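Asks: Encoded as structure tokens, here's the structure I'll be asking about.
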Amino acid sequence: MIEYRTLRVALLGAGSVGSQVAAQLLGRADELASRAGAGIELAGIAVRDVDAPRDADLPRELFTADPEELILSSDIVVELIGGIEPARTLILKALGSGADVVTANKALLAAHGPELFAAAEQVGAQLHYEAAVAGAIPIIRPLRDSLAGDRVQRILGIVNGTTNYILDEMHTKGLGLEEALAVATDLGYAEADPTADIEGHDAAAKAAILAGLAFHTTVPLESVHCEGITGVTAAQIESAKQAGYVVKLLAICEQLESGVSARVHPALVPATHPLASVHGANNAVFVQAEAAGDLMFYGAGAGGIQTASAVLGDIVSVARRHVAGGPGVAESTASAVGIAPFGSIQTRYQISLEVDDRPGVLAAVAGVFSEQGVSVETVLQSSAASAATLVIVTHLAPESALAGTVEALRSNDVVRDVASVLRVEGL
Ligand code: NDP
Ligand code: HSE
């Protein structure tokens, strides 16, 4: 029998994800040791309430309310608390004590990534975070390692399971947003405060992480343009369906001439695009790279056991480096590109207008587009009584010109209402 050196793991948090990680570390210790080349001992689990019921059957004696003492006696610290504090302070303490760290905390990485990576680099420790973006899907390692020799041009991602679940239920079953959110919360997909999901903040944090990795730079969270799904209506979903589109909340990261851009907003995606068939709480990240071409990473983006898979992969990987020795690999942030102003990104709009049904109206509407330098690709008109509905899809144009067009339409006399404005992506 092989004798392994044993590494002590401190688990911080035993909620949806942490309890599953703990159960796997305890139940599959021999298998994980043989993969890591080191014994992986769950030394303790720090939580807020040591007596709270858990999703998995875990030994009571492992629980503690004192994370600091546990951290100081561990080789690997796994942070699954979430949020900024105390997670940030505990991770810095762990790195400061020379421990390697695994985290799934995108909110913390997006807000304080540079500080945490610098702390890891200073002591030669590793900071792994595969579960922070798109749950179980391997996307961090592909971007950081597998594509390190290529040039990523664009990423289109469905990176929030809760909102994809909600939009999919609205699209396929006609459910309301609140009803679908309640189910997503029960299933453990939503954040402790689901506002972060439905307002797009969770996806924005993931977009900042993906853009930084893909373009070898640091993308501040404040620079990510963010719109959630609270304004998406049943009428928009229905008319998208009829026009051959699906509404998805997309995280879009691009390398433009004006710099790097990361944005999150609902968008119309053609029903034929691979992202349109991503259902339920699944996530998918569509990567366009110069040499590799189009790649798609698909799977479970949330859920306790699914996310635990990515966390365990990081633990095994960190343990292997412990055995091999040597410092952890620092993040690649050498690129000097700046952040592109949001107005400079190129996109398409679908605009639905309620207008008077009389001569000259179409010409007046066309004039507004022309004045803003926006080219129209398609116009669809349907009429009822004295009113008409125009559904206009533009060609690619700068965001600032498209937003200017909508503003000008709103104040034009022939336009009764700008009923819907959605960007169109993936054409
Ligand atoms: P939960 O809210 O289910 O669990 C959080 C855990 O942290 C609980 O066990 C809680 O203790 C513990 N905790 C909270 N505050 C403290 C504190 N001050 N000191 C010690 N322990 C504390 O979170 P999740 O498991 O859902 O998420 C964990 C992380 O994983 C987050 O960063 C999240 O964004 C990320 N993630 C989650 C996914 C998911 O599907 N759920 C998917 C991908 C990433 P107690 O139980 O005693 O209250
Ligand atoms: N709340 C997140 C989601 C969990 O719904 O995708 C995964 O990060």
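Asks: Where in the range 159-271 are there helices (runs of 4 or more DSSP H), lying wholly inside it, with at least 1 residues that are within 14 Å of ligand 1 (Cβ to nearest atom)?
Replies: Answer list for the range 159-271: 161-173, 177-186, 195-198, 201-214.
Asks: Which of the residues belonging to the range 266-296 are under 21 Å from HIS395 (Cα atoms), within 16 Å of the chain's Cα centre (by Cα) and more than 16 Å from ligand 2 (Cβ to nearest atom)?
Replies: Listed by number, the list holds a single entry, ALA267.
Asks: In the range 103-118, what residues are more than 7 Å from ligand 1 (Cβ to nearest atom) and open to solvent by 20 Å² or more (accessible area, probe 1.4 Å)?
Replies: ALA111, HIS112, PRO114, GLU115, PHE117, ALA118
Asks: Between ALA207, ALA211, which is within 12 Å of the chain's Cα centre (by Cα), within 16 Å of ligand 2 (Cβ to nearest atom), more than 21 Å from ILE305 (Cβ to Cβ) and modelled with pLDDT of 95 or more?
Replies: Being within 12 Å of the chain's Cα centre (by Cα), within 16 Å of ligand 2 (Cβ to nearest atom), more than 21 Å from ILE305 (Cβ to Cβ) and modelled with pLDDT of 95 or more holds for just one of ALA207, ALA211, which is ALA207.
Asks: Give the residues of the range 20-36 that are within 12 Å of ILE305 (Cβ to Cβ) and in contact with a helix residue (DSSP H, G or I) (Cβ under 7 Å, 6 or more places away or on another chain), sorted by residue number.
Replies: GLN20, VAL21, GLN24
Asks: Within the range 129-145, is there a residue that is under 30 Å from ALA243 (Cα atoms), touching an Asp or Glu at 6+ places or on another chain (Cβ under 6 Å), open to solvent by less than 10 Å² (accessible area, probe 1.4 Å) and in contact (Cβ under 8 Å) with a residue 12 or more places away in the chain?
Replies: No, that holds for no residue.
Asks: Looking at the range 28-43, is at least one residue more than 25 Å from ALA190 (Cβ to Cβ), within 13 Å of ligand 1 (Cβ to nearest atom) and part of a strand (DSSP E or B)?
Replies: The answer is no; no qualifying residue exists.
Conditions tested, residue by residue: (1) among the hydroxyl-bearing types (Ser, Thr, Tyr); (2) in contact with a His (Cβ under 8 Å, 6 or more places away or on another chain); (3) at negative phi; (4) part of a helix (DSSP H, G or I).
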position	(1), (2), (3), (4)
VAL323	no, no, yes, yes
ALA334	no, yes, yes, no
GLU354	no, no, yes, no
PRO359	no, no, yes, no
THR378	yes, no, yes, no
SER382	yes, no, yes, no
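Asks: If I ask for residues that are in a helix (DSSP H, G or I), more than 8 Å from ligand 1 (Cβ to nearest atom) and under 24 Å from ALA207 (Cβ atoms), which ones from the range 80-102 would you list?
Replies: ARG88, ILE91
Asks: Then there's this: So in the range 273-321, with the set limited to residues that are open to solvent by 10 Å² or more (accessible area, probe 1.4 Å) and charged (D, E, K, R), which one is farthest from ligand 1 (Cβ to nearest atom)?
Replies: Across the range 273-321, the extreme among qualifying residues is GLU290.
Asks: Please work out if ARG154 is surrounded by fewer than 23 Cβ atoms within 10 Å (Cβ to Cβ), within 19 Å of the chain's Cα centre (by Cα), under 21 Å from VAL260 (Cα atoms) and touching a residue at least 24 places away in the same chain (Cβ under 8 Å).
Replies: So ARG154 passes the test.
Asks: Any idea how many residues of the range 194-204 are more than 10 Å from ligand 2 (Cβ to nearest atom) and either surrounded by 23 or more Cβ atoms within 10 Å (Cβ to Cβ) or modelled with pLDDT under 90 (or both)?
Replies: Result for the range 194-204: 2.
Asks: How many of the residues in the range 14-25 are within 21 Å of ALA184 (Cα to Cα) and either more than 16 Å from ligand 2 (Cβ to nearest atom) or not hydrophobic (A, V, I, L, M, F, W, C) (or both)?
Replies: The qualifying residues number 6.
Asks: Another question, if that's okay. Is the range 356-364 home to any residue that is among the aliphatic types (A, V, I, L, M) and without any contact (Cβ under 8 Å) to a residue 40 or more places away in the chain?
Replies: yes
Asks: Would a scan of the range 43-52 turn up a residue that is in contact with a strand residue (DSSP E or B) (Cβ under 9 Å, 6 or more places away or on another chain), open to solvent by 10 Å² or more (accessible area, probe 1.4 Å) and within 27 Å of GLU121 (Cβ to Cβ)?
Replies: Yes, the conditions are met somewhere in the range 43-52.
Asks: Still on this model: Filter the range 391-427 down to residues that are aliphatic (A, V, I, L, M) and outside any strand (DSSP E or B), then give me how many there are.
Replies: Counting residues in the range 391-427 that are aliphatic (A, V, I, L, M) and outside any strand (DSSP E or B) gives 9.
Asks: Taking the criterion of being in the same structural domain as GLN255 (by TED's automatic domain parsing) and of a type in the set (Asp, Glu), would at least one residue in the range 138-147 satisfy it?
Replies: Among the residues of the range 138-147, at least one is in the same structural domain as GLN255 (by TED's automatic domain parsing) and of a type in the set (Asp, Glu), which makes the answer yes.
The values are calculated or read from the model by the stated rules, or taken from the named source; none is laboratory data. Note that this is a predicted model, so its numbers are computed, not measured. Glycine gets a Cβ as well: all are built from the backbone with ideal geometry, and neighbour counts include every protein chain shown. SASA here: full protein model, heavy atoms, side chains in, ligands and nucleic acids out. Shrake-Rupley method; radii C 1.70, N 1.55, O 1.52, S 1.80 Å.
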